[in-house]
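Below: one structure, written as structure tokens.
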Ligand code: LMR
């Protein structure tokens, strides 16, 4: 049967990262994957993370035993306080450790697919995902057996949030659908609803009896303050939504390869929490048994020590600040090299990416002519820019857009 297997397409994000690795052009620039790089273009281990690792290494009580199915409960508690607030009451929140954000979405998708009542006449639970969104969302929820649909999110004519389109599509969806929302720093557009818009979205979701799935992959990268960036999801909880939350520590702790996250479900009572926990464990056990322990031990070590926590917040802000300065610089240098194009949308976006509005053809030209690797939706990971390559990238963008 092996000879009948067709070649699958490369991944829209990680496939490009692989192409970057094998490119031999000395000029090559990687602005594809959303992974932080320092001002010299190198991956950065946060000093607070490094110190936590040193402590773990020196601690003779640390071992390599299996974690429980739901992960390290102390880590989960700290992670949930990081998301829901240090004074949040977690007695009715079911939470499990996950393999970063992807793993969390996968557990959450399975759970919803299994337990959300299907709207009348539908064979699968509908989930509405923003258009555009992180490319992996579509495959994840499809693999979970959900009926993946889209809602309008971005108006490429105005380069702004398509708020009216979003509201119309949520209204039109069958009552009781699952709505996927990016908690902050929407990937790839960098456009988030305002607090007033979040309020109206929350009201509409209530009227329609929809279910809310928050994906929080960039807490700390929108404003530079991890507390402030949790405002939308905390607001939804305060409004009584039984949210499902996927939380990743890949970006904000720089723990990409450690696969560290959580999946949580806000329930109405400790009894509901207990039942939901038992079901989440039944999903996890046949999938990968139990999660890896190194990344969660790091997060736990940082968040149980006041000095390390303070240092961590400063480290997170340093990343967010550098990215923000690259956003401003990119637009400034584009102007300096002669671009007459309106790039004001790039400076009003937030988070790790610039959603430039370049077409797939322009992106392809950037790659073939200049060895600049980016996703074909025109998204640039600003963390890949530094003073050493920004003019080269700006000149290339100018060439393919105005040139
Ligand atoms: C991205 O959007 O580039 C990141 O979330 C990395 C990934 O896994 O795609």
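The values are calculated or read from the model by the stated rules, or taken from the named source; none is laboratory data. No experiment lies behind these values; they were computed from the predicted model shown. When we count neighbours, we look across all protein chains shown, and the Cβ atoms used for this are built from the backbone with ideal geometry, even at glycine.
Points to keep in mind about this one:
- Scanning the range 30-46 for residues that are surrounded by 14 or more Cβ atoms within 10 Å (Cβ to Cβ) and within 15 Å of the ligand (Cβ to nearest atom) yields a total of 8.
- Residues in the range 196-227 that are in contact with a helix residue (DSSP H, G or I) (Cβ under 9 Å, 6 or more places away or on another chain) and assigned to a helix (DSSP H, G or I): 197, 198, 199, 200, 201, 202, 204, 205, 207.
- Selection status of residue 140, under 29 Å from residue 190 (Cα atoms) and touching a strand residue (DSSP E or B) at 6+ places or on another chain (Cβ under 6 Å): no
- Some residue of the range 123-136 being farther than 29 Å from residue 378 by Cα and out of contact with any helix residue (DSSP H, G or I) (no Cβ under 8 Å at 6 or more places or on another chain): yes
Here is a yes/no grid of residues against (1) assigned by TED's automatic domain parsing to the domain that holds residue 71; (2) under 29 Å from residue 313 (Cβ atoms); (3) part of a helix (DSSP H, G or I):
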site	(1), (2), (3)
251	yes, yes, no
254	yes, yes, no
262	yes, yes, no
268	yes, no, no
275	yes, no, yes
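- Here residue 20 clears all of (1) within 16 Å of the ligand (Cβ to nearest atom); (2) more than 30 Å from residue 297 (Cα to Cα); (3) not in a helix (DSSP H, G or I) except the condition numbered (3).
- Among the residues of the range 128-153, those identified as within 12 Å of the ligand (Cβ to nearest atom) and in contact (Cβ under 8 Å) with a residue 24 or more places away in the chain are 132, 133, 134, 135, 136, 137, 140.
- Against the test of being away from the ligand (no atom under 16 Å from the Cβ), in the same structural domain as residue 245 (by TED's automatic domain parsing), part of a loop (DSSP other than H, G, I, E, B) and within 21 Å of the chain's Cα centre (by Cα), the options 174, 188, 117, 193 yield a single qualifying residue, 193.
- Test for residue 111: is it in a helix (DSSP H, G or I), within 16 Å of the ligand (Cβ to nearest atom) and surrounded by 20 or more Cβ atoms within 10 Å (Cβ to Cβ): no
- Scope the range 214-228; condition more than 16 Å from the ligand (Cβ to nearest atom) and crowded, with 24+ Cβ neighbours inside 10 Å; matching residues: none
- Those residues of the range 315-330 which are more than 20 Å from the chain's Cα centre (by Cα) and either part of a loop (DSSP other than H, G, I, E, B) or free of Cβ contacts under 8 Å to residues at least 60 places away in the same chain (or both), in sequence order: 325, 328
- Filter pass, residue 199 being at pLDDT 95 or above, over 19 Å from residue 320 (Cα atoms), more than 16 Å from the ligand (Cβ to nearest atom) and surrounded by fewer than 17 Cβ atoms within 10 Å (Cβ to Cβ): yes
- Identity of the residue in the range 68-83, part of a loop (DSSP other than H, G, I, E, B) and closer than 16 Å to residue 248 by Cα, that ends up nearest to the ligand (Cβ to nearest atom): 71
- Positions within the range 84-108 being away from the ligand (no atom under 16 Å from the Cβ), closer than 26 Å to residue 173 by Cβ and assigned to a helix (DSSP H, G or I), in sequence order: 107, 108
- A single entry from 183, 168 fulfils the requirement of being within 15 Å of the ligand (Cβ to nearest atom) and assigned by TED's automatic domain parsing to the domain that holds residue 230: 183.
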